[in-house]
Amino acid sequence: MPRSLRPLLPALALALAVLPTATAHATTMVPRRVEDLARVSESVVRATTVSTHSAWDAQKRIVTTVRLRALETLAGDIRVGEEFDLQHFGGIVDGTEMTIIGGPHFTPGQEVVVFLIRDAIGRREVADLAQGKLEVIRDAAGRERLTHRDLSGVDWFRGTGPDHVATLDELRARVAGALHGNR
């Protein structure tokens, strides 16, 4: 380092120490239709969340492993009753929280429909973050309904967000149509 810059080092270090740290507060996504998600997914499965476990990975990121039990297979080769894992970034470990805006969140006992893809090393993950996860609820009459996806904090690149699907029957028909060449 040139001698002329050495006297500036303490001032530069102080300036960097007092600057506010930058934090990302949004995720920008391209909205996906159910048909688009179905076409890119290796499996589309209705399942119950069995458990979740968060841990540090080798790169010091928090990764949550979600264990699901298949209730119905809309596409792919996961069998009804089979338990399988998926992973996503984010979670809480030892009081440290890592949040991915627009990322999927799972709760044990929650019934969901997930659009599944594989990451670069073959692990299952939800397609297009939370766009690929819908929660199944029942209305007062006991009919199965799908809730909106948890996409709070997401900025949309084009459009206003993914399309809405109200019922499992509608979802089944749209996934089947996408996989059989219908629009």
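Observations on the model:
- Per the listing HIS53, HIS88, the residue uniquely loosely packed, with under 15 Cβ neighbours inside 10 Å and either in a strand (DSSP E or B) or at pLDDT 95 or above (or both) is HIS53.
- Checked against (1) within 15 Å of the chain's Cα centre (by Cα); (2) at pLDDT 85 or above, ALA70 meets all criteria but (1).
- One residue alone among ASP155, ASP139 is exposed (fewer than 11 other Cβ atoms within 10 Å of the Cβ) and in contact with a strand residue (DSSP E or B) (Cβ under 6 Å, 6 or more places away or on another chain), and that residue is ASP139.
- If you go through the range 132-157 and pick out every residue that is at pLDDT below 90 and touching a helix residue (DSSP H, G or I) at 6+ places or on another chain (Cβ under 7 Å), you end up with 5.
- Total residues in the range 158-183, condition at pLDDT 85 or above and surrounded by 12 or more Cβ atoms within 10 Å (Cβ to Cβ): 12
- LEU16, sole failed condition from (1) buried (at least 18 other Cβ atoms within 10 Å of the Cβ); (2) at pLDDT below 95; (3) over 16 Å from GLU125 (Cα atoms): (1)
- Of all residues assigned to the range 41-53, at least one qualifies as being under 21 Å from GLY159 (Cβ atoms) and either over 17 Å from the mean Cα position of the chain (by Cα) or in contact (Cβ under 8 Å) with a residue 40 or more places away in the chain (or both).
Yes/no per residue for (1) touching a strand residue (DSSP E or B) at 6+ places or on another chain (Cβ under 7 Å); (2) surrounded by fewer than 17 Cβ atoms within 10 Å (Cβ to Cβ); (3) of a type in the set (Val, Ile, Thr); (4) free of Cβ contacts under 8 Å to residues at least 60 places away in the same chain:
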site	(1), (2), (3), (4)
GLU72	yes, yes, no, yes
PHE84	yes, no, no, yes
THR99	no, yes, yes, yes
GLY102	yes, no, no, no
VAL114	yes, no, yes, no
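- Unmet requirement for PRO31, which otherwise passes all of (1) farther than 23 Å from ILE137 by Cβ; (2) of a type outside the set (Val, Ile, Thr); (3) in contact (Cβ under 8 Å) with a residue 12 or more places away in the chain; (4) assigned to a loop (DSSP other than H, G, I, E, B): (1)
The values are calculated or read from the model by the stated rules, or taken from the named source; none is laboratory data. Only a predicted model underlies this, so the values are computations on that prediction, with no experimental measurement involved. Please note: Cβ atoms are built from the backbone with ideal geometry, for glycine as well, and neighbour counts cover all protein chains shown.
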